[in-house]
Amino acid sequence: MGDALVFLVDDDEAVRDAVTTALRAAGFGVAPFGSARQFLEAYRAGQRGCLIVDVDLPGVESDLLRMLASAELALPVIVTSRRLRRWQLAPALHGRQVALLEKPFGIDELLPLIDAALAPRTGGSRAPSTT
């Protein structure tokens with residue numbers, strides 16, 4: 001896995017904490033954020049990993065998706081939403097490695113998407129499970 005991180009952006013603290021805990025238990029490094037603004041202030045160009053973002057958050061469509069469209073963030077993206085609006089995401093994410101996941105979702109649905117997102121950039125994913 002190397003230095004790749006899973007950047008998690010969700011304003012629901014309970015969801016953020018549960019997903020962070022589950023991903024860390026699965027062997028991933030996780031950087032959780034409560035808003036798109038917090039993520040954008042912390043992210044540094046060239047950081048490796050993938051982005052999981054709830055597109056229902058305030059500021060996501062206006063700031064984060066605009067940055068994704070302009071290629072300022074070269075991360076694969078896993079989009080979560082209670083109301084997936086593929087037609088609204090298409091222009092911002094055209095040509096990017098993207099997965100869509102409707103809320104609520106289980107960790108068993110999320111892990112394969114993260115593995116796929118990280119594999120091309122890291123040459124692998126998380127360590128094999130010992131269970």
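General remarks:
- Neighbours by Cβ (under 8 Å, 6+ apart or cross-chain): first from the range 20-48, more than 17 Å from residue 74 (Cα to Cα) and touching a residue at least 60 places away in the same chain (Cβ under 8 Å); second assigned to a loop (DSSP other than H, G, I, E, B) and among the aliphatic types (A, V, I, L, M): 27/1; 27/127; 28/1
- Taking the criterion of being β-branched (Val, Ile, Thr), more than 13 Å from residue 105 (Cα to Cα) and crowded, with 21+ Cβ neighbours inside 10 Å, the residues of the range 1-23 that qualify are 6, 9.
- Here residue 27 meets the list (1) in a helix (DSSP H, G or I); (2) exposed (fewer than 15 other Cβ atoms within 10 Å of the Cβ) almost entirely, failing just condition (1).
- Test: residue in the range 41-50 that is buried (at least 21 other Cβ atoms within 10 Å of the Cβ), in a strand (DSSP E or B), within 14 Å of the chain's Cα centre (by Cα) and of a type in the set (A, V, I, L, M, F, W, C): yes
- Some residue of the range 88-99 being modelled with pLDDT of 70 or more, surrounded by fewer than 20 Cβ atoms within 10 Å (Cβ to Cβ) and within 21 Å of residue 4 (Cα to Cα): yes
The values are calculated or read from the model by the stated rules, or taken from the named source; none is laboratory data. Predicted model only: the values in this text are computed from it and were never measured. FYI the Cβ positions are ideal-geometry reconstructions off the backbone, even for glycines, and counts take in every protein chain you see.
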